[in-house]
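Throughout, read-outs are computed from the coordinates displayed, never taken from laboratory work. Computed from a predicted structure; not experimentally measured.
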Amino acid sequence: MKFKIPAWLNKKNILRLLINRYFLIGLGFLLLLLLGENSLVYYYKLHKQLKELRTSKEFYLNQIKQDSINTIRLRTDMDAIEKYGREKYMMKRDNEDIYIIR
C-alpha cells in the first residue's frame, strides 16, 4: 500500500501556510499556552498539588480533633491516664508482670 499525498498539499501551499501571519500568530499562541510561564502544564501541576494539600488538610484536621478529645480525656479521667501509660510507654504496676505476645 502506497500512501498518497493529497493534491492540495504541495510545497507552494505549505510555504504559503508558513508565511501566513494568522497561522504564525496562532502557532505562537499555542506555544505560549504550552510552554509559557503560566502554561497549561504548570496549571495542571498546581491543581494536582492543591488537591493533595486539601486531602492532607482534612487528615490533619481530623487528627487535631482526635488529639483534642484525647487530651481532654487524659486531663479528667484517671483510668484513661493509666491506659495511655500502659499502652504507649509500657508502664506496669509494681506487683504485676507483663508478657508481650506478637
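Odds and ends about this structure:
- One entry in (1) 3, 14, 27, 28, 18, 8, 2, 0; (2) 2, 9, 8, 8, 7, 7, 7, 6, 5, 5, 5, 5, 4, 4, 4, 5, 5, 3, 1, 0; (3) 2, 12, 20, 21, 15, 10, 7, 5, 4, 2, 1, 1, 0 is P(r) over Cα pairs in 5 Å bins from 0, in percent calculated from the shown coordinates; its label is (2).
- Lysine pair count for the chain (Cα-Cα distance under 22 Å; residues 8 or more apart in sequence or on different chains): 9.
- Between 0 and 90 degrees, the angle of helix 40-76 with respect to the longest Cα principal axis of the chain falls at about 10 degrees.
- Rounded to the nearest whole Hz, the Karplus-based 3J(HN,Hα) values (6.51 cos²θ - 1.76 cosθ + 1.60, θ = phi - 60°) of region 89-102 follow the sequence 10, 6, 7, 8, 7, 5, 9, 9, 10, 10, 10, 9, 10, 10, with x at glycine and proline.
- Axis angle, to the nearest 10 degrees, between helix 21-35 and the longest C-alpha principal axis of the chain: 20 degrees.
- Length gained when the stretch residue 47-residue 86 is fully extended (0.36 nm per residue, less Cα-Cα span): 9.6 nm
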